[in-house]
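Readers should treat all values here as calculations from the given coordinates under stated rules, not as data from a laboratory. All of these numbers come straight from a predicted model, not from anything done at the bench. All Cβ positions, even for glycine, are placed from backbone atoms using ideal geometry, and neighbour counts span all protein chains on display.
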Amino acid sequence: MMTRRKARENAFIAVFEAGFSSNDIQEILALTQEVPEYGEYMLDDFAMSLINNYYNNAEDVNDIIQSKLKNWSQSRISRVASAVLRLSVAEMLFSEEKDMDSIVINEAVEMCKKFAGDNDYQFVNGVLGAIAKDKEEKLL
């Protein structure tokens, strides 16, 4: 059985790859399930739910992220940080599991430390923290 951390990482890798690939997300998802070389990157039900939560709510997720960027645009965010933010916001706001914000934020920070630039984790932590605060105050 895959850990939640590994499932989140694999979901991130699939979404990140979709940003660079001529394949759409559905083709990437199919490959991860069918090609033996992708075994390490298999997507379990939890990973698939994270991906589906993002793609089913992409416009809302992107708008919420943009609202926290102040004078920045999303194009200034690294692709790694952007993919992490998108999946994390989707999980925080559209997951069936509730009250998981601190876990989601911690996992996002750890993913950024592993895959992103030196200071991206601080940026991601700040954006997700602001979203969690708004959610707690029922602004989202």
query: So which lysines pass the test for K70, namely a Cα distance under 17 Å, with those fewer than 8 places away in the same chain ruled out?
result: K133
- request: Collect residues whose amide H, placed 1.01 Å from N in the peptide plane, falls under 5 Å from the amide H of A116; neighbours closer than 5 in sequence don't count.
  value: none
Top positive-direction residue, dipole computed over the chain with Cβ charges, set Q122, N53, N10: Q122
query: Listed highest first by mean packing, meaning other Cβ atoms within 10 Å per residue, what order do 82-88, 62-68 come in?
result: 82-88, 62-68
- prompt: Over what distance in Å are the Cα centres of segment 89-140 and segment 64-81 separated?
  reply: 14 Å
- prompt: For the residues M100, M48, M92, what sequence is obtained by ranking on other C-beta atoms within 10 Å, fewest first?
  reply: M100, M48, M92
query: Residue by residue, what Karplus-based ³J(HN,Hα) values in Hz, rounded to whole numbers, does segment 129-138 have, using 6.51, -1.76 and 1.60 with θ = phi - 60° and x for Gly and Pro?
result: x, 5, 5, 4, 5, 4, 5, 4, 7, 6
- prompt: Ordered by residue, what ³J(HN,Hα) values in Hz, to whole numbers, does segment 42-48 give under the Karplus form 6.51 cos²θ - 1.76 cosθ + 1.60, where θ = phi - 60° and Gly and Pro are x?
  reply: 4, 10, 7, 4, 5, 4, 5
query: For N57, which sequence-distant residues (separation of 5 or more, or a different chain) have an amide H within less than 5 Å of its own amide H, given hydrogens modelled in the peptide plane?
result: none
message: Given points 7 Å out from each Cα along the Cα-Cβ axis, report the S73 to R4 separation in nanometres with one decimal.
response: 3.6 nm
- request: Check the straight Cα-Cα distances from K6 and name the lysines below 19 Å, setting aside those fewer than 8 residues away within the same chain.
  value: K113, K114
message: What are the ³J(HN,Hα) couplings of segment 57-73, residue after residue, when phi is run through the Karplus curve with 6.51, -1.76, 1.60 and θ = phi - 60°? Round to Hz, x for glycine and proline.
response: 10, 4, 5, 5, 4, 5, 5, 5, 4, 4, 5, 9, 8, 6, 8, 9, 10
message: Suppose only helical runs count, i.e. DSSP H with n ≥ 4. What mean residue ellipticity at 222 nm does that imply for the chain under -39500 (n - 2.57) per run, divided by all residues and rounded to the nearest 500 deg cm²/dmol?
response: -21500 deg cm²/dmol
